[in-house]
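Here's the structure, in structure tokens; my notes come after.
We did not get these values from a lab; they are worked out from the coordinates using the rules stated. In this text the structure is predicted, and so the values were computed from the model without any measurement. Cβ: placed from backbone, ideal geometry, glycine included. Neighbour counts: every protein chain shown.
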Amino acid sequence: MVQGKILKTKFESALNGASSLAQVATKLGTQVVPVENVVFANPVIPGVAQENKVIGAIFGSQPNKLSKVIDGDRGVYIYTVKSFTNPPALTNVLKVKEQMEQAISQQVDQAVFEVLKKKADIKDSRTKFY
């Protein structure tokens with residue numbers, strides 16, 4: 001993570017006095033990479049990696065403002081949010097509820113089975129008989 005600290009320091013110095021991502025990118029000698037359709041439920045930056053910290057910061061920020069430098073799991077990031085789009089309202093809430101209940105039920109069943117396996121004191125002696 002030494003390299004991450006070095007990059008973070010470079011990004012912070014490039015961010016000083018900059019009013020846009022283009023200015024920051026010019027100072028760093030790189031290009032701005034536009035990313036669209038980021039979804040809170042799926043914390044993946046398309047074409048990059050899963051970055052929970054960055055996605056959380058994006059959804060906690062205000063549009064058209066430069067972010068602070070964020071040290072993610074796979075890189076160092078600065079972003080500007082153009083806008084947020086509210087998702088369409090759910091049309092069939094009962095179906096979504098049933099799907100969620102079914103998924104949780106399966107997770108619970110699997111978790112209970114794993115706990116039973118860990119707590120069981122079973123010895124396999126079949127080799128003595130067969």
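Details
- Top of ASN37, ASN52, ASN92 by mean-square fluctuation, Gaussian network on the chain, Cα under 10 Å: ASN92
- Annotation: extensible slack from VAL108 through VAL81 equals 5.9 nm (criterion: 0.36 nm per residue apart, minus Cα-Cα distance).
- Taking the chain and dividing mean pair separation by its residue count, relative contact order in percent (alpha carbons under 8 Å, at least six apart): 18 percent
- Helical content alone sets the calculated 222 nm signal of the chain at -14500 deg cm²/dmol, taking -39,500 (n - 2.57) per DSSP H segment of four or more residues and averaging over every residue.
- Among VAL93, VAL81, VAL2, sorting on how many other beta-carbon atoms sit within 10 Å of each Cβ, with the fewest leading, yields VAL2, VAL93, VAL81.
- Proxy reagent accessibility, fewest Cβ within 10 Å first, across SER13, SER67: SER13, SER67
- Net charge of neighbours whose Cβ lies under 12 Å from the Cβ of VAL48, counting Lys and Arg as +1 and Asp and Glu as -1: -1
- Shape class of region 1-67 from the Cα gyration tensor (axes a ≥ b ≥ c, square roots of the eigenvalues): prolate, since a/c reaches 1.5 or more and a/b is larger than b/c.
- Rg/Rh ratio calculated on Cα atoms of the chain (Kirkwood radius): 1.24
- Separation of the ALA120 and VAL96 label points, Cα + 7 Å toward Cβ, nm: 3.9 nm
- Panel order for ARG74, ARG126, by other beta carbons found within 10 Å of each beta carbon, from fewest to most: ARG126, ARG74.
- Loop-located GluC sites (Glu not before Pro) in region 1-89 (DSSP state not H, G, I, E or B) with no more than 16 neighbouring Cβ atoms inside 10 Å: GLU36.
- Most mobile listed residue (VAL108, VAL32, VAL48) in the chain, GNM with C-alpha springs under 10 Å: VAL108
- Cβ-defined net charge surrounding ASP73, 15 Å radius [Lys, Arg +1; Asp, Glu -1]: +2
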